[in-house]
Every structure is written in C-alpha cells, then in structure tokens.
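Any read-out appearing in this document is the output of simple, stated calculations on the displayed coordinates, not a laboratory observation. Please read these numbers as outputs of a predicted model, since none were measured by experiment. Neighbour counts run over all protein chains shown; Cβ positions are idealised from the backbone, glycine included.
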Amino acid sequence: MALVCLGNICRSPMAHVVLEERLAEAGVDDRVVVHSSGTGGWHVGDPMDSRAAATLTEAGYDPSNHRARAYDESWLAAHDVVLAMDVDNLADLGGRSERVGMFRDLDPVDPGGDVPDPYYGGRDGFAVVLTMVERTVDVLVAELISQLDSGSSA
C-alpha cells in the first residue's frame, strides 16, 4: 500500500506511521507493506516536518524513522493500492483507477474528502490531520483484514 501527498513530510507520513502501528496491533503487519511518498521531490531524504512529528509523538507514535521519498510511476506496479491525500495528489497520480483512490474514501465521517495540507498553518492543523488519519485508518485496517481473510490482495 502506498500513501501519497505532496512533499511526503506531513500528511502521508503521518498516515504511514499510524497505519503501520494499527496493522501491528491487529497482528497483520507482516502481511501488509506500507510506503509513503510525495508527488514533489524537493524534500527527498528529509525527516518528517517537526510539527507533524511532534503531533505524532504527543499521541504516542514514533515518527523517527521517516525519510521523505518521491513517487514515481513504478510505485503503481509495486503496490496493490495507492491512496492520495487530496484531489491534486490524485490528479498527479493520473486519477482514480482500480487501485488508485483517495485516502479518505473510507473516512467514516466525511468519505472522499481531502486531507487538508497543514504545512502552511499552525500546530492545530496537524492535530486535525491526525484525527482524520486515525479514524480513517481504523476503517482501512478493518477493510484490509477482511480482504486478507478472504484471500484478496491488500
């Protein structure tokens, strides 16, 4: 599974960290590989934005291993599912397809909406993103477990 935003320093790495932890808690982390990337390459190799990392740390997650990566077309062949954080990222990925969609398609509160980019705002925006990510990841993990149990690829 690939999670994609613009620079891979805020939204997609936050979702990546939360998703990996929830997969581990569910006991399926050995069956689902998660990557994140950005459609822009200017942050490649950088750690997560310090505000994103602090928000995750305060919530009990470990963001320390993240290094930004750039998405390229080979990722589609290498991942069963690619989820964009917003409609602009989705357009950069070539739009919806059988394996490409929006991260918040499974959001139980506002399905299909954008995960807003908190980069140019204050710390509160990162907390809003984390709330969206956590509730969406909970549904995503349940869906992945259902697919894994039925023998579908995840």
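Here is how the numbers come out for the structure above:
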{"item": "Label of the coordinate-derived value, Kirkwood radius over Cα pairs in Å, listed as (i) 16.8; (ii) 17.4; (iii) 15.2", "result": "(iii)"}
{"item": "Contact order normalised by residue count of the range 2-150, Cα under 8 Å, 6+ apart, percent", "result": "27"}
{"item": "Dipole of the chain, positive direction: furthest Cα of SER12, GLY27, GLY40, with charges on the beta-carbon", "result": "GLY40"}
{"item": "Selection of GluC sites (Glu not before Pro), the range 33-112, meeting DSSP coil and at most 11 other Cβ within 10 Å", "result": "GLU73, GLU98"}
{"item": "Separation of the ASP105 and ALA142 label points, Cα + 7 Å toward Cβ, nm", "result": "1.8"}
{"item": "Dipole magnitude (debye, nearest 20) for the range 2-150, charges at Cβ of Lys, Arg, Asp, Glu", "result": "240"}
{"item": "Ranked list, fewest to most other Cβ atoms within 10 Å of each Cβ, for TRP42, TRP75", "result": "TRP42, TRP75"}
